[in-house]
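Structure, as structure tokens:
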Amino acid sequence: MLNSLSPELETALRAALPADRFQATSAKYLEEPRGRYAGQDGLVAVPRSTLEVSAIVQKCAEARVGIIPYGGGTGLVGGQVAADGPVPLILSLEKMTAIRAVYPQENVLIADAGAILADVQTAAADVNRLFPLSLAAEGSARIGGNLATNAGGTGVLRYGNSRDLCLGLEAVLPNGDVLSGLSRLRKDNTGYDLRHLLIGSEGTLGVITAASLKLSPRPAHMGTAMMVVTDPAAALSLLSLARDQLGDTVSAFELIHRQGYDFLGEVLPNVRHPFVTPPEWSVLIEIGVAQAMDPADGLMTLFETAVEKGLVSDGIIAQSQQQSHDFWSVREHIPEANRLIGSVSSHDISVPLGALATFIEQANARVAAMGDFRINCFGHVGDGNLHYNVFAALGRDRADHVNQRDEIKRVIHDLVDELGGSVSAEHGVGRMKVDDLERYSDPSKLAAMRAIKAALDPLGIMNPGAVLRA
């Protein structure tokens, strides 16, 4: 059993570290973006080095007090907030923000875990390189949290998830030992790859304190287009055509439903729409090409071929950076519009690409059978990740459907499981989806996960209650 944070532990921590490494909790650390969890008052530790993180973890292990690792607080499944149980220590990496080193010729950057994603992107750009992880929350999300949740974003189609962008990690294990693994190597077959064990573990196996990140050459030219497709099946055919014609230059392929445009008009009217009449389905395509290529020519050829095949009925190719920015502004503001409207039930799911159109058709039918709802289905269709969100009908409020939330989630997740998909594509498990993990995961996988947790964190102090039931 874990103990609550005690005056004795606080005294021991303050004796071990400078006074400014601690502060009282505030709303920032006790809330999460969707407002479904509220943390407990206690103490926040803000170390400035890996050795200080180690000292904190050692003291908490000795006292058997839980630790909640805290990055940018942008997680959407409650992984950064402990609503109940013994009062934990909140361990924030916000003061560990250094870019430790950049190796342009090696395409490697080493950063503290508290470095903000946008700052890492800027540091890469300063040496004419690209760190391609891109999220709506990149101005506040931190690298440690991105890796702890294996964050995805809009560039997964070309560059992969956070896992694919990490060469090595430094981390503090649950007993306080420091794992020094900031490798810059692409090839290293010396035993178990603990990096991949920690990535996606959501702070339940240790605290990531720094990372060796993989950079890429910056595309010489970027091209962006919005195209109107007949339906999700046509969007998938367009994606296949784009990859046939443009190869690996396709870096983003985002599906947008008319409901997303309607929500923007309702609560964010200043966001500029690309089409006078919002289409039922459209896709946002971005490509990045080498110096000798013209992205506009490639996108125009794609558009013309897609029209001939009956996949696309209209489209706009960005003629300036501002127009490209406007296209992306639509996509990036849809989650904010969703938040302002307030969903009854939100779902971050993935299915095999071949099942994506079937999922949308069947999910819509199953939700319709439960009542009158609006559905905003959008996302990274290039990698099969959809954000399928259910809202109350116009004129009603999500509070009118609180008693249906669990039923809606079960219906959607059951369908995802039937189609061989995942009920958590990029947001993680956190505390919100612990029951889902147990319901839909292979029993052998769960047993192995519990065995790993018990081996590395026998006291259960690391982010208790997240991912696996405490």
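The values are calculated or read from the model by the stated rules, or taken from the named source; none is laboratory data. A quick note: this is a predicted structure, and the numbers were derived from the prediction, not measured. Every residue, glycine as well, gets a Cβ built from its backbone with ideal geometry; the counts of neighbours run over all protein chains shown. Quick note on the areas: whole protein, heavy atoms, side chains included, nothing else; ligands and nucleic acids left out. Shrake-Rupley method; radii C 1.70, N 1.55, O 1.52, S 1.80 Å.
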request  = Report, by chain and number, residues whose modeled amide H sits under 5 Å from the one on Tyr70, excluding near sequence neighbours (fewer than 5 apart, same chain).
outcome  = Leu91, Ser92, Leu93
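Evaluated at 37 °C with a viscosity of 0.692 mPa s, what Stokes-Einstein diffusion coefficient in µm²/s does the chain have when Rh comes from the Kirkwood expression over alpha-carbon pairs? Each step should come with its number before you reach the end.
Details: Rh = 23.3 Å.
Once the numbers are plugged in, D ends up at 141 µm²/s.
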key: Sum of -39500 (n - 2.57) over DSSP H runs of 4+, divided by residues of the chain (222 nm, nearest 500)   = -10000 deg cm²/dmol
query = Binned at 10 Å from 0, what are the whole-percent values of the Cα-Cα distance distribution for region 339-381, short to long?
reply = 22, 55, 23, 1
remark   = A 1.4 Å probe over the protein heavy atoms gives region 193-234 a carbon and sulfur accessible-area percentage of 55 percent
task = Please count, across the chain, the pairs of lysine residues with Cα atoms under 18 Å apart that sit 8 or more places apart or on different chains.
result = 6
key: Where only C-alpha atoms are counted, convex hull volume of region 190-270 per residue in Å³   = 259 Å³
key: Over region 255-296, equivalent-ellipsoid semi-axes from the Cα gyration tensor in Å   = 28, 11, 8
remark   = Rh (Kirkwood, all Cα-Cα pairs) for region 218-375, Å, reads 16.6 Å
request  = Could you pull out the trypsin sites (Lys or Arg not before Pro) across region 233-324 that fall in loop regions by DSSP (anything but H, G, I, E, B) with no more than 16 other Cβ atoms inside 10 Å?
outcome  = Arg272, Lys309
query = Dividing the alpha-carbon Rg of region 218-258 by 2.2 N^0.38 Å yields what?
reply = 1.24
key: DSSP-loop trypsin sites (Lys or Arg not before Pro) across region 413-470, with at most 13 other Cβ within 10 angstrom   = Arg469
query = How many percent of the alpha carbon pairs in region 122-242 exceed a separation of 26 Å?
reply = 33 percent
ask   = Ordering Ser422, Ser324 by how much accessible area each has at a 1.4 Å probe, largest first, what is the list?
value = Ser422, Ser324
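Tell me which trypsin sites (Lys or Arg not before Pro) from region 350-419 have a DSSP coil assignment and no more than 15 other beta carbons within 10 Å of their own.
Arg396
Strictly greater than 20 Å: what percent of every Cα pair in region 1-57 meets that?
Details: 548 of 1596 pairs.
Here the long-distance tail beyond 20 Å is 34 percent of all Cα pairs in region 1-57.
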remark   = region 8-137, Kirkwood Rh and Cα Rg, ratio Rg/Rh at 1.03
